[in-house]
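**Student:** Just passing along the structure, written as structure tokens.
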Amino acid sequence: MNVVIITGASSGIGREFALQLDAGLYTVDEFWLIARREERLEELAARLDHMAKVIPMDLTSDADMDHFRKLLKKERPVIRMLINSSGYGMMGNFNRLGRQEQLGMLDINCRALTDMTYACIPYMKRKSRIIMMASSAAFLPQPGFAIYAASKAYVLSLSRALREELGPEEIYVTAVCPGPVRTEFFEKAEKHEDTLAIKKYSMVEAEDVVRSALTASARNQGMSVYSPLIKGLHLLTKVVPHGVLLGVVQKMK
């Protein structure tokens, strides 16, 4: 059985991946939709033409991950695509945010993503693909968004390393690094502090980000960076010292 596994499938970018792949994939038997909100997953599954397995779980729970590994062992699927889309961010200075809020970002953005990837790779074969949701925040440290940016730098670094390690097995890894995307993300991210105005003006649609990411994955590209503005930012962070850029960001705030 060929399957696509999508974490964070209940909303935003994860949900959009499911919708676009459902319309364009013809060699997959089933979608495995993973998130905590079961009702949202059921609604999405009802919209798909493909068969869909709804797997409500908390990716940061060891018990839930043990159950998922047992499911893999029982079903023995061929995972044609793994999309790690779960994650969240909280804005605010490091010493003002709560301990659990900050550790929670690390748990879901880094630890859970790593654990899910580790669990799935043994069930992949030639031409399988992994898509990792990183962020343009991975390009540059972000005061006021420190843990989130650091966690996404981890995702980008891991993606690049895995791409090299898995290359000989023809398992292809693509890191997706969008800027601000119009999703529910900011409803939680702005709980304590508002984002920079320039980020709000530069927001793009999840549909476009996902389309670009799937194209990059199909072309076996290591990174997908959507929009001219974010591509320009990526280039800027390569040629201008980060200390200078951080000073500019602080003045903007």
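**Student:** Compare the Cα positions of TYR123, MET1, GLY232 along the charge dipole of the chain (+1 at Cβ of Lys, Arg; -1 at Cβ of Asp, Glu; about the Cα centre) and return the one farthest towards the positive end.
**Tutor:** Farthest towards the positive pole: GLY232.
**Student:** Please report, as a whole percent, how much of the solvent-accessible surface of region 61-191 comes from carbon and sulfur atoms (probe radius 1.4 Å).
**Tutor:** Values: 3110 of 5960 Å².
So the carbon and sulfur contribution to the accessible surface is 52 percent.
**Student:** Report, in degrees rounded to the nearest 10, the 0 to 90 angle that the Cα long axis of helix 228-239 makes with the longest principal axis of the chain.
**Tutor:** Its long axis makes an angle of about 70 degrees.
**Student:** Using only helices, what value at 222 nm comes out for the chain when you add -39,500 (n - 2.57) per DSSP H run of length 4 or more and divide by the total residues, to the nearest 500 deg cm²/dmol? The partial results should precede the final answer.
**Tutor:** Values: 11 runs with 120 residues, N = 253.
Result for the chain, helices only: -14500 deg cm²/dmol.
**Student:** So if we plug the beta-carbon distance of GLN100 and ARG69 into 1/(1 + (r/R0)^6) with R0 = 25 Å, what FRET efficiency do we get, rounded to 0.05?
**Tutor:** On the way: r = 26 Å, r/R0 = 1.03.
Calculated transfer efficiency: 0.45.
**Student:** I'd like the FRET efficiency for ASP62 and ARG126, computed as 1/(1 + (r/R0)^6) with the beta carbon distance as r and R0 of 41 Å, rounded to 0.05.
**Tutor:** Values: r = 31 Å, r/R0 = 0.77.
After rounding, the FRET efficiency stands at 0.85.
**Student:** Here is a further query. Considering only DSSP beta bridges with both partners in the chain, what is the antiparallel share in %, to the nearest 5?
**Tutor:** Bridges in the chain that DSSP calls antiparallel: roughly 0 percent.
**Student:** Please work out how much length the chain gains when fully extended from LYS53 to GLU205, using 0.36 nm per residue of separation minus the C-alpha to C-alpha distance, in nm with one decimal.
**Tutor:** Values: separation 152, 0.36 × 152 = 54.72 nm, distance 2.66 nm.
Gain in length upon complete extension: 52.1 nm.
**Student:** Write down the accessible area per residue of the chain in Å², having rolled a 1.4 Å probe over the full set of protein chains. Provide the component values of the computation, followed by the final result.
**Tutor:** Details: 12570 Å² over 253 residues.
Averaged over the residues of the chain, the accessible area is 50 Å².
**Student:** While we're on this one: Could you tell me the convex hull volume per residue, in Å³, taken over the Cα atoms of region 131-176?
**Tutor:** Looking at region 131-176, the number lands at 47 Å³ per residue.
**Student:** Moving to a separate point now. What do you get for trypsin sites (Lys or Arg not before Pro) in region 4-48 restricted to DSSP loop and a cutoff of at most 14 other Cβ within 10 Å of the site's Cβ? Show your work: numbers first, answer last.
**Tutor:** Working: sites: ARG15, ARG36, ARG37, ARG40, ARG47; in loops: ARG36, ARG37.
Answer in residue order: ARG37.
**Student:** For GLU164 and ASN93, FRET efficiency with R0 = 25 Å and r from the beta-carbon atoms, rounded to 0.05?
**Tutor:** Working: r = 36 Å, r/R0 = 1.44.
Calculated value: 0.10.
**Student:** Out of TYR88, TYR123, TYR26, any idea which swings most in a Gaussian network model of the chain, alpha carbons joined below 10 Å?
**Tutor:** Comparing TYR88, TYR123, TYR26 in the GNM, the peak value goes to TYR26.
The values are calculated or read from the model by the stated rules, or taken from the named source; none is laboratory data. Remember, predicted model here, so these are calculated numbers, not experimental data. Cβ: placed from backbone, ideal geometry, glycine included. Neighbour counts: every protein chain shown. Ligands, DNA and RNA are stripped out before the accessible areas are found, and what is left, the full protein with its side chains, is counted by its heavy atoms. Shrake-Rupley method; radii C 1.70, N 1.55, O 1.52, S 1.80 Å.
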